[in-house]
1. Checking the condition closer than 20 Å to A103 by Cα, part of a strand (DSSP E or B) and modelled with pLDDT of 90 or more, which residue from L4, L18 passes?
2. Which members of region 21-36 meet the condition of being under 14 Å from R74 (Cα atoms) and part of a loop (DSSP other than H, G, I, E, B)?
3. Find the residue count for region 68-89, including only residues that are within 11 Å of I20 (Cα to Cα) and not acidic (D, E).
Amino acid sequence: MSSLDDGEATDLLGHVLLPIANEEDALSTARALEPYAPERVTALHVVEKGGGVPDKTPVEQSEELAAESYAAVRTVFPDAGDHTAYDRDVVSAILDAADEVGATAIAYRSRDGNRLMRFLSGDLSAKLVTNATVPVIALPRDDDGE
């Protein structure tokens with residue numbers, strides 16, 4: 001698939017940015033992307049910063065979680081790159097990372113959460129799709145909701 005960008009054709013799956021939350025999510029998300037055979041994958045882990053309050057987890061613990069998550073992605077995509085972002089706004093971090101790594105698309109799996117949780121969080125999926133400058137690919141979830 002191609003799209004026009006500055007007059008040049010771009011392969012949609014040429015360089016996919018894959019936001020991941022933890023090791024289990026990373027493996028599930030990578031497996032969901034695998035059938036589409038992207039040319040290049042960069043896994044992204046966002047460390048949420050507190051913004052004037054203590055961070056949700058210590059930086060060292062967050063970086064360890066990121067490393068475990070990247071290793072899980074590499075079981076599916078051995079040559080996958082990695083990118084760690086530190087930000088209060090997860091969506092903003094994903095969009096900035098897409099620009100920084102030169103991604104042609106962002107592929108993600110929606111996370112669990114009922115309608116109230118989505119409302120309270122500002123529905124991150126909607127923000128991602130609405131504000132992205134590259135195509136956003138919503139990967140299918142497993143039949144069991146995983």
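The values are calculated or read from the model by the stated rules, or taken from the named source; none is laboratory data. The structure displayed is predicted, hence computed values, not measured ones.
1. On the way: L4 fails: modelled with pLDDT of 90 or more.
From the options L4, L18, the qualifying one is L18.
2. Filtering region 21-36 for residues under 14 Å from R74 (Cα atoms) gives 22-34.
Of everything in region 21-36, just one residue is under 14 Å from R74 (Cα atoms) and part of a loop (DSSP other than H, G, I, E, B), namely N22.
3. 6
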